[in-house]
1. For segment 17-31, which positions are without any contact (Cβ under 8 Å) to a residue 40 or more places away in the chain and of a type outside the set (A, V, I, L, M)?
2. So R92 fits all but one of (1) within 20 Å of D142 (Cα to Cα); (2) over 16 Å from the mean Cα position of the chain (by Cα); what number is the exception?
3. In this structure, is R14 of a type in the set (K, R) and free of Cβ contacts under 8 Å to residues at least 40 places away in the same chain?
4. So L38 clears everything in (1) open to solvent by less than 80 Å² (accessible area, probe 1.4 Å); (2) at pLDDT below 85 except one condition, right? Which one?
5. What number of residues in segment 117-156 are within 21 Å of the chain's Cα centre (by Cα) and charged (D, E, K, R)?
6. Checking G78 against (1) open to solvent by 70 Å² or more (accessible area, probe 1.4 Å); (2) assigned to a strand (DSSP E or B), which test does it fail?
7. Checking the conditions here, which among S85, S65 is modelled with pLDDT of 90 or more and within 15 Å of R14 (Cβ to Cβ)?
8. What's the number of the only condition in (1) in contact (Cβ under 8 Å) with a residue 12 or more places away in the chain; (2) surrounded by 16 or more Cβ atoms within 10 Å (Cβ to Cβ); (3) β-branched (V, I, T) that T3 fails to meet?
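The values are calculated or read from the model by the stated rules, or taken from the named source; none is laboratory data. Keep in mind the model is a prediction, meaning the values are calculated, not measured. Note: ideal-geometry Cβ built from the backbone for every residue, glycine included; neighbour counts use all protein chains shown. Keep in mind that these areas ignore ligands, DNA and RNA; they rest on the heavy atoms of the full protein, side chains included. Shrake-Rupley method; radii C 1.70, N 1.55, O 1.52, S 1.80 Å.
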Amino acid sequence: MITVHYLEHSRAHRVLWLLEELGLAYELKRYERRPDMLAPRSLKEVHPLGKSPVIEDDGVIVAESGAITEYLVRKYDGEGVLKPSDEENFRRYTYWLHYAEGSAMPVLLLKLIFSVLPERTPFLVKPVAKAICKGATDKLIDPQVKDHVAFWETELQRDGYFAGSAFSAADIMMSFPVEAGIDRIEYDGQTGAISQWMEAIRSRPAYQRALERGGAYRFSQSSA
C-alpha cells in the first residue's frame, strides 16, 4: 500500500491525481496548514524538510513532485499510458516534467512572496516595503510571468496537451503552476488554449476522484 502525506491546498493534489490515473490503491495522511499557511511541523517526522508531497512505498520514501511522478510512472505504468512512446514527444514530456518545478514555480513563488510581504512588515516601514515590492513585481516578476503564460499558450495551441496530442503525466505536473499562475496574475494576452486544456484536465474522472479523496485544494474548478 502506498502512503501519501498530503498537505491541503498544495501540489500534493497532483500525486493523488496520478495515483488515480494509474488505478492504484493508497492510504492518505492529511495535514492542515498552520495559521501562517506553512506546513505543520509534524511533516518533519516524515521528511527532514517538512514539505509535501511525500510518498512511502514498500519502505521507500520519495519526496519532490517530479521525482514522485517519475518513480510512479516508471514502476506502475507498465503499459505506458501516461508517457509518449515516440522520441520527439517524449523529449517534450521530459522537458515539461522538469520545467514545472524548475522554471515555472520559482517565478510564481516570487510573485506570491512579493504580494504578501508588505502586509507582514512592521507598520512604520510598510509604505517602503509596498513601494519596493511593487517595483520588483512590475519591472522584474510580472514580465517573466507573462512570458511563461504566453509560452504555455503557444505550446498548448500545437496539440492540446503539453507533450503531444494525448494526455500524459506532464500535464499532471503542469497543472499546479498553470492553475496557480492563472489564479494569481492579470494577463492581457490570449489564453484560449490554456482554458480548453484546464477544462479537459479538470473533467477527467481521476482528477475529480483526487479532489474527493484529498479535499481542500483551492485551485480546483469547484473553488475557482
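1. To start, the set of residues in segment 17-31 that are without any contact (Cβ under 8 Å) to a residue 40 or more places away in the chain comprises 23, 25-27, 29, 31.
Residues satisfying the conditions are G23, Y26, E27, K29, Y31.
2. (1)
3. Numbers: of a type in the set (K, R): yes; free of Cβ contacts under 8 Å to residues at least 40 places away in the same chain: no.
Against the criterion (of a type in the set (K, R) and free of Cβ contacts under 8 Å to residues at least 40 places away in the same chain), R14 does not qualify.
4. Every condition holds for L38 apart from (1).
5. Taking segment 117-156 and keeping what is within 21 Å of the chain's Cα centre (by Cα), we get 141-156.
Filter once more, keeping what is charged (D, E, K, R): 142, 146-147, 153, 155.
The total comes to 5.
6. (2)
7. Details: S85 fails: within 15 Å of R14 (Cβ to Cβ).
Being modelled with pLDDT of 90 or more and within 15 Å of R14 (Cβ to Cβ) holds for just one of S85, S65, which is S65.
8. Every condition holds for T3 apart from (2).
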